[in-house]
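**Student:** Take this structure first; my questions come after.
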Amino acid sequence: MSLRRTTKRRLRHGALYGVLVVAALAVVLGADWEAVKVNFFDSETWQALWPDIILTAAKNTVKYTVLAFAGGIALALVLALMKLSPLRGYRYLATIYIEFFRGLPALVVIIVMALGVPLAFQWQPPGGTVGAGIIALILVSSAYMAETLRAGIQAVPKGQREAAQSLGMSGFWTMVTVVLPQAIRIVIPPLTNEFILLVKDTSLLAFVGMQANQVDLTSFGQQGLVTYANASPLIAIALVYLIISIPASQLVAYLERRQMRAAR
Amino acid sequence: MSTPAIQVSGLHKSFGEHEVLKGIDFEVAEGQVVCVIGPSGSGKSTLLRCVNRLEEPTSGQIFVEGIDICDPEVDLDAVRSRIGMVFQQFNLFPHMSVLGNLCVAQRRVKRRSKSEAVEVARRNLAKVGLAERETAYPAQLSGGQQQRVAIARALSLDPDMMLFDEPTSALDPELVGDVLAVMRDLAAEGMTMMVVTHEMGFAREVGDNLVFMDDGVIVEEGDPRTVLSAPQHERTQAFLSKVL
C-alpha cells in the first residue's frame, strides 16, 4: 500500500527535524558548559570592560564607520559622474580606479596607506595610522559605491531627463534637481548594505596599531583577551557589533519593502 | 511675411541603419495649430522631438523663430525654454509636489524669485483647472490630472510655442476630454502648437493644418476638414479608413 503524498511529506519533515534535535542534544550533552561559561561569559571580566567598551570602543567604531562612509560616498559620486561622462578619458580613469580598488583586499590597502605611504612620501596622515587607515577605507568603499550610484543614476527613467531638458534646464541642474534625488532613493538599500560592511571592515584598522584612545571594538576585544586570558571580551564586542548592524539590516529590509510598495 | 515659428527643411534622421525621417519639409506659422497624424512608426514623434533637439537630426535644417537650432553655437537651453513640450508619459518629477514641478525650471532657467515663480505657477494651475492640487505629488493624481500639470509646467516658462507628443495616448478614455479641453483653450488663445495625435476629432475641430506622415515622409497635408473627409492620397485613405 502506497502512502498518501501528505503523509510522505510529514514523514520527511519529521526526519529532518529529528536530525536537528539529535545535533542539538549532542551539543548540549557533549559540551563542558562550565568551561564555556568561564571562557565566554565570565561576568567579572564583562564588568571590567564596562564602560570603556561603549564609551571608547563602540564610539570609535561608529566614528570610523561614519567617516569612511561619508568620505566614500562623496568620492563615489565623483567617480559615478566620471563614469557617465561624455569624455572618454574620465570614463577610463574612473573604470581603472574602480577595478583597482575593488580588486584589492581592504586590509592590503589599509597597511599600504598606514605604513607604506607615510614612509614613501614623507607624509604625516591626520590621526596617525588610524587616520591613514580610514582614508584607505574611503578609497576602497568609494569604488564599490560608485558602481551602485552609477546604476542608480541610470535607473532613473530617460523621460525624466528629457522633461528637464525640454524645460531648458542645464545638464548640471538636471542632474542636481531631477536625476540625483531620484537616483539616491533607488540606491538607499544597497548603500545601507555598504554601511554594514564598513562597520565590520573598521575592525581591520586594528591591524595597523592604535593609541589607547583610538581603540575600536575589535582591538578592544583583542586587548581584553590578552589582559584577562579569557575570550569573554570577544563575545562582548561581538554582541556590540550585532547591536549596531542588525538594526541597520532591518532598516534595509524595511526600505526595500517600502520601495516595492511604491513601485506598484 | 513674418518668420515662421517652426521651419523644417530636408530633415533626415536615422537610428543606426534605420532611416526614420526621409526628408521632411514643413512649416508652422505663428499662432497656428498643426496636427500630425500617421501610423505608429511613421516618424511623427521623432519629427516632433527633433524640433527641440531631443533627437539630433542626421541632416537637414530646423529653424525655430528664425534661429538655426542645429548651429553648434546656439544656446540650446535658451531655445528649449521657449518651446514647451508635453510627453505621452507626462514625465512629471515624482519627487516634487505639483508646485515644485511648476517652479523648478522657472527658478533655474528663468531665474525668477520664489514668490514670482509660485505666482506664475498658481496662475497656470488655475488655467488647467487644478488650482487646489498644488501640494499633491504626481503619484496622487490621475493620469489626466498629471498631464494637465505637465501642460501647466510647460506654460510656466511662458513659451512661444508648444509641442505635444501624443498627449492623450496614455490616458483612460474618460480622462482624455479634460486634457483636450485645456489644449483647445490654449489654441483659442493663439498659442502656436504642434500636436502629434490620434485624436481625429481634435485635429478636425482645432487644427489649422493637418499633416499625414507615413514611413518617414509627409504624404499629404492641408486643411484638416478637407484631408479627413476627402483624402487625396491612397495611403491617407487606407490609414483613415482604419482609424475613423
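Here, each number is a calculation from the coordinates, and none is a lab measurement. Bear in mind that the values here come from a model prediction, so they are computed numbers and not experimental data. Heads up, the Cβs are rebuilt from the backbone with ideal geometry, glycines too, and the neighbour counts pull from every protein chain shown.
**Student:** Take peptide A:157-164, look around each residue's Cβ out to 10 angstrom, count Cβ atoms belonging to other protein chains, and average those counts.
**Tutor:** The per-residue average across the peptide is 6.
**Student:** If the only charges are +1 at each Lys and Arg Cβ and -1 at each Asp and Glu Cβ, what is the size of the charge dipole of the protein assembly as shown around the Cα centre, to the nearest 20 debye?
**Tutor:** About 2100 debye.
**Student:** If the only charges are +1 at each Lys and Arg Cβ and -1 at each Asp and Glu Cβ, what is the size of the charge dipole of segment B:1-160 around the Cα centre, to the nearest 20 debye? Could you put the intermediate results ahead of the total?
**Tutor:** On the way: 19 positive and 19 negative charges, 177 e Å.
About 840 debye.
**Student:** Using 7 Å Cα-to-Cβ label points, what is the A:VAL226/B:TYR137 separation (nm, one decimal)?
**Tutor:** With each label placed 7 Å out from Cα toward Cβ, I get 5.3 nm.
**Student:** Under the rule of -39500 (n - 2.57) per DSSP H run of 4 or more residues, summed and divided by the residues of chain B, what mean residue ellipticity at 222 nm is obtained, to the nearest 500 deg cm²/dmol?
**Tutor:** Taking each H run of at least 4 residues, the total per residue is -11000 deg cm²/dmol.
**Student:** Near the amide H of B:GLU220, under 5 Å away, which other amide H atoms are found, from residues 5 or more places off or on another chain, if H is placed in the peptide plane?
**Tutor:** Placed amide hydrogens put B:PHE212 under 5 Å from B:GLU220.
**Student:** So, one more: If r is the Cβ-Cβ distance from B:SER9 to A:PHE100 and R0 is 60 Å, what FRET efficiency results, to the nearest 0.05?
**Tutor:** For B:SER9 and A:PHE100, the calculated efficiency is 0.70.
**Student:** Per-residue Cβ counts within 10 Å, from other chains only, averaged over B:76-84: what number is that?
**Tutor:** 3
**Student:** Among A:ALA120, A:PRO51, A:PRO105, whose Cα projects farthest towards the positive end of the dipole of segment A:48-161, with charges put on the beta-carbon of Lys, Arg (+1) and Asp, Glu (-1)?
**Tutor:** A:PRO105
**Student:** Connecting C-alpha atoms closer than 10 Å in a GNM of chain B, tell me which of B:PRO57, B:PRO173, B:PRO159 has the biggest fluctuation.
**Tutor:** It is B:PRO173.
**Student:** Next question. Just the Cα atoms of chain A: what Rg and Dmax do they give in Å?
**Tutor:** Looking at chain A, its Cα Rg and Dmax stand at 24.7, 84 Å.
**Student:** With label points built 7 Å along Cα→Cβ from the Cα atoms of A:ASN39 and B:ARG122, find their separation and express it in nm.
**Tutor:** Placing both labels 7 Å along Cα→Cβ, they lie 7.5 nm apart.
**Student:** Dipole magnitude of chain A about its Cα centre, charges +1 at Lys/Arg Cβ and -1 at Asp/Glu Cβ only, in debye to the nearest 20? Show your work: numbers first, answer last.
**Tutor:** Working: 22 positive and 12 negative charges, 367 e Å.
For chain A, the charge dipole is close to 1760 debye.
**Student:** Just to be sure I understand the model, the point goes 7 Å from the Cα along the line to the Cβ. What's the resulting B:GLU189 to A:LEU84 distance in nm?
**Tutor:** Once both label points are built, they end up 3.4 nm from each other.
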